[in-house]
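Beneath this line is the structure, given in structure tokens, with notes to follow.
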């Protein structure tokens, strides 16, 4: 099947975007990634990032390479994707407490400092940004969106992979995609 669109995987940091990229690759969708950011204890299977995405506002020419493929784009950079393309956006949602806990562990492990705001302030900021994002994307005709809940992806993996197949094309191997999801990597659970 020829896909004349860009599959964009997005969400908050630590929301499961790397897991989704693994799922798409296993299901047979080509991935646009450069491997520059190497796997580490926080993402032992890799990040699946593509460096030119970070400079999309200055140079969006990489997008033509992404047609027919999946690419990971942090939610705040989705705004910068150029017109003239069709996008299928798979947006990962995760419990905010889990996002914050995972991000804190990653920053602690790397020895980096996070923002000088409380977790409550950061959660409120993320929530406002997500609300603004959903309002904006609703008015963007070039985007179709499928929201995937992180916990559902782990607990009902094959069902979620079937939804993904319906969203990006029936030639997607949902069973192979589901097989790569590992609940063992779900380490920052919120009860």
> Could you count how many residues in region 130-161 are in a helix (DSSP H, G or I), under 22 Å from residue 6 (Cβ atoms) and touching a residue at least 12 places away in the same chain (Cβ under 8 Å)?
Replying inline: 7
> Can you pull out the residues in region 149-185 that are more than 11 Å from residue 23 (Cα to Cα) and touching a strand residue (DSSP E or B) at 6+ places or on another chain (Cβ under 7 Å)?
Replying inline: 149, 150, 163, 167, 168
>> Please determine whether any residue of region 35-54 is over 12 Å from the mean Cα position of the chain (by Cα), closer than 18 Å to residue 148 by Cα and modelled with pLDDT of 95 or more.
In response: no
> Of all residues in region 85-121 being at pLDDT 80 or above, surrounded by 11 or more Cβ atoms within 10 Å (Cβ to Cβ) and assigned to a helix (DSSP H, G or I), which is farthest from the chain's Cα centre (by Cα)?
Replying inline: 121
> Of the residues that sit in region 1-32 and are touching a strand residue (DSSP E or B) at 6+ places or on another chain (Cβ under 9 Å), modelled with pLDDT of 95 or more and assigned to a loop (DSSP other than H, G, I, E, B), which one is farthest from residue 101 (Cα to Cα)?
Replying inline: 5
>> Conditions first: (1) at pLDDT 85 or above; (2) more than 15 Å from the chain's Cα centre (by Cα); (3) surrounded by 12 or more Cβ atoms within 10 Å (Cβ to Cβ); (4) farther than 19 Å from residue 5 by Cα. Residue 60 passes all but one, so which condition is the exception?
In response: (4)
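The values are calculated or read from the model by the stated rules, or taken from the named source; none is laboratory data. Just so you know, these numbers come straight off a predicted model, no measurement behind them. Cβ atoms come from the backbone with ideal geometry, glycine included; neighbour counts cover every protein chain shown.
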